[in-house]
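The values are calculated or read from the model by the stated rules, or taken from the named source; none is laboratory data. Because the structure is predicted, anything quoted here is derived from the model rather than measured. Counting neighbours? That spans all protein chains shown, and the Cβs are built from the backbone with ideal geometry, glycine included. Accessible surface areas use protein heavy atoms only, side chains included; no ligands, DNA or RNA. Shrake-Rupley method; radii C 1.70, N 1.55, O 1.52, S 1.80 Å.
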Amino acid sequence: MVEKEISQAVIGRLPRYFRYLGELKDQGVERISSQELSELMQVTASQIRQDFNNFGGFGQQGYGYNVDLLYREISKILGLDKTHNLIIIGAGNLGQALGNYMNFERRGFILKGLFDKNETLIGKKVRGIPVRGMDEVEQFIRENNIDIAVLTIPKTSAVEVAEILVQNGIKAILNFAHVDLNVPKGIQVENVHLSDSLMKLSYNLERYNKETKK
């Protein structure tokens with residue numbers, strides 16, 4: 001049986017559903033309707049039902065959604081019922097900030113190591129994890145079953161580093177370097193371009209300002 005192709009737009013909304021459901025679960029909410037979830041998330045109830053129907057629906061007519069069950073099902077869909085070992089390449093300000101981000105572990109992403117070529121950073125500890133030199137990265141990946149790498153390095157070295165990572169078994173890259181990575185098919189890359197987000201924000205701000213002046 002061929003697995004149904006899910007659009008990236010739907011996939012992009014799943015983490016948001018997961019976050020809201022987690023907050024509802026923490027508040028002791030046991031069930032919620034698509035309309036109530038719609039009012040919380042500012043997504044139409046129809047869109048919510050369509051999104052969930054891609055994976056089997058999960059709801060019951062007249063009852064809505066069991067919050068705990070839906071939370072666990074979306075966790076499985078996102079692969080959060082498993083743990084993933086990750087490393088951070090680039091231990092500057094951004095790399096250290098990400099290394100200190102405790103929600104990684106809460107979501108099953110286990111930080112195993114940080115690496116940098118800057119000798120002044122090597123040996124520094126982030127949450128008890130020492131920064132290692134780049135000469136150690138290949139062996140470390142192989143010995144520690146690392147499947148995800150986070151790149152917080154300049155774009156001038158990102159392409160070369162990405163090639164080394166892939167050659168040594170990395171299957172997914174969270175890329176903060178402002179450059180597109182050319183990786184083999186099957187390697188998952190998520191690009192995080194902070195300046196692009198700021199420019200989008202600037203556009204929306206300008207559009208709002210023009211509309212309010214009409």
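One table, with the values for the structure above:
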quantity: Failed item in (1) touching a helix residue (DSSP H, G or I) at 6+ places or on another chain (Cβ under 9 Å); (2) at pLDDT 95 or above; (3) closer than 19 Å to V189 by Cα, with F104 passing the rest; calculated: (2)
quantity: All positions within the stretch 123-142 that are under 15 Å from G90 (Cβ atoms), β-branched (V, I, T) and either open to solvent by 70 Å² or more (accessible area, probe 1.4 Å) or assigned to a helix (DSSP H, G or I) (or both); calculated: V137
quantity: Selected residue [within 20 Å of N100 (Cα to Cα) and not β-branched (V, I, T)] from N145, N175; calculated: N175
quantity: Residues within the stretch 191-202 that are among the aliphatic types (A, V, I, L, M) and part of a loop (DSSP other than H, G, I, E, B), tallied; calculated: 1
quantity: Helices (runs of 4 or more DSSP H) wholly inside the stretch 8-84 that include at least 3 residues being open to solvent by 20 Å² or more (accessible area, probe 1.4 Å) and under 25 Å from E105 (Cα atoms); calculated: 8-26, 67-77
quantity: Hits in the stretch 88-101 (condition: within 18 Å of V159 (Cα to Cα), out of contact with any helix residue (DSSP H, G or I) (no Cβ under 7 Å at 6 or more places or on another chain) and not in a loop (DSSP other than H, G, I, E, B)); calculated: G95
quantity: Any hit, the stretch 30-38, residues being within 29 Å of K171 (Cα to Cα) and among the hydroxyl-bearing types (S, T, Y); calculated: no
quantity: Considering residues of the stretch 167-185 that are touching a strand residue (DSSP E or B) at 6+ places or on another chain (Cβ under 8 Å) and of a type in the set (V, I, T) only, the residue farthest from L86 (Cα to Cα); calculated: V183
quantity: Any hit, the stretch 171-190, residues being of a type in the set (S, T, N, Q), assigned to a strand (DSSP E or B), free of Cβ contacts under 8 Å to residues at least 60 places away in the same chain and open to solvent by 20 Å² or more (accessible area, probe 1.4 Å); calculated: yes
